[in-house]
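> Here it is, the structure in full.
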Amino acid sequence: MSPTGHLAVGFAARKYAPEVPLIGFLVASYVIDLLYFLFLAIGIDTLDFDPWSHSLVMAIVWSVLVGVLTALLIKKKKIRGGIALGLVTFSHWVLDVIVWDNMPIAFDPAQKIGLGLFTNDCLG
């Protein structure tokens, strides 16, 4: 997915939780990729298989974690901001499923899904 697509969700979601700074939405839209680069660097994700950052199961875990932490950290403990940031975090996985054809469901390399709208043929 292009950076614009992920960031667009963050920009669009901002109006639903104005108590959260815009930078929070923009970072939330990239939490999964930030984790991917970290996990790639320490060797638990690879270029061919990245279940710890990009699987459906872990995308749900990361989204809930972002949502709960946000709800706890926002002044007045507004749950709406946490829900919004959690959904923005999960939207990263949804957009990746639309674009790629190799998104892991969990930790089994044989179980991958995706629409695969991007191919190398698109480049040429």
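The values are calculated or read from the model by the stated rules, or taken from the named source; none is laboratory data. The structure presented is a predicted model; accordingly, all values stated were derived computationally and were not measured. Here Cβ is always computed from backbone atoms with ideal geometry, including for glycine, and neighbour counts include all displayed protein chains.
> Could you list all residues from segment 69-104 that are loosely packed, with under 14 Cβ neighbours inside 10 Å and touching a helix residue (DSSP H, G or I) at 6+ places or on another chain (Cβ under 9 Å)?
Leu69, Leu72, Leu73, Lys77
> For the structure I just gave you, tell me whether Val64 is farther than 28 Å from Thr119 by Cβ, surrounded by 15 or more Cβ atoms within 10 Å (Cβ to Cβ), modelled with pLDDT of 95 or more and in contact with a Gly (Cβ under 9 Å, 6 or more places away or on another chain).
Spelling it out, it is not the case that Val64 is farther than 28 Å from Thr119 by Cβ, surrounded by 15 or more Cβ atoms within 10 Å (Cβ to Cβ), modelled with pLDDT of 95 or more and in contact with a Gly (Cβ under 9 Å, 6 or more places away or on another chain).
> Under 7 Å by Cβ, and 6 or more places apart or on different chains, what pairs join a residue from segment 77-91 that is closer than 11 Å to Pro18 by Cα with one that is polar (S, T, N, Q)?
Matching pairs, first to second residue: Gly81/Thr70.
> I'm trying to understand the selection: among the residues of segment 1-30, which are among the hydroxyl-bearing types (Ser, Thr, Tyr), farther than 14 Å from Phe90 by Cα and either at pLDDT 95 or above or part of a helix (DSSP H, G or I) (or both)?
Once the filter is applied, which keeps residues that are among the hydroxyl-bearing types (Ser, Thr, Tyr), farther than 14 Å from Phe90 by Cα and either at pLDDT 95 or above or part of a helix (DSSP H, G or I) (or both), segment 1-30 yields Thr4, Tyr16.
> Determine, yes or no, whether Val97 is closer than 23 Å to Thr119 by Cα, at pLDDT 95 or above and of a type in the set (A, V, I, L, M).
Yes: the conditions hold for Val97.
> Also, quick follow-up: Report, ordered by the first and then the second residue, all pairs with beta carbons closer than 8 Å, sequence separation of six or more or different chains, a first member in segment 21-41 that is touching a residue at least 60 places away in the same chain (Cβ under 8 Å), and a second member that is among the aromatic types (Phe, Trp, Tyr) and crowded, with 18+ Cβ neighbours inside 10 Å.
From segment 21-41, the pairs are Val31/Trp62; Ile32/Trp62; Ile32/Trp93.
> So, in segment 55-92, exactly how many residues are of a type in the set (Ser, Thr, Tyr) and over 12 Å from the mean Cα position of the chain (by Cα)?
Of the residues in that region, 1 qualify.
> Please verify whether segment 104-123 includes one or more residues that are in contact (Cβ under 8 Å) with a residue 40 or more places away in the chain, within 17 Å of the chain's Cα centre (by Cα) and under 19 Å from Pro3 (Cβ atoms).
No, segment 104-123 has no match at all.
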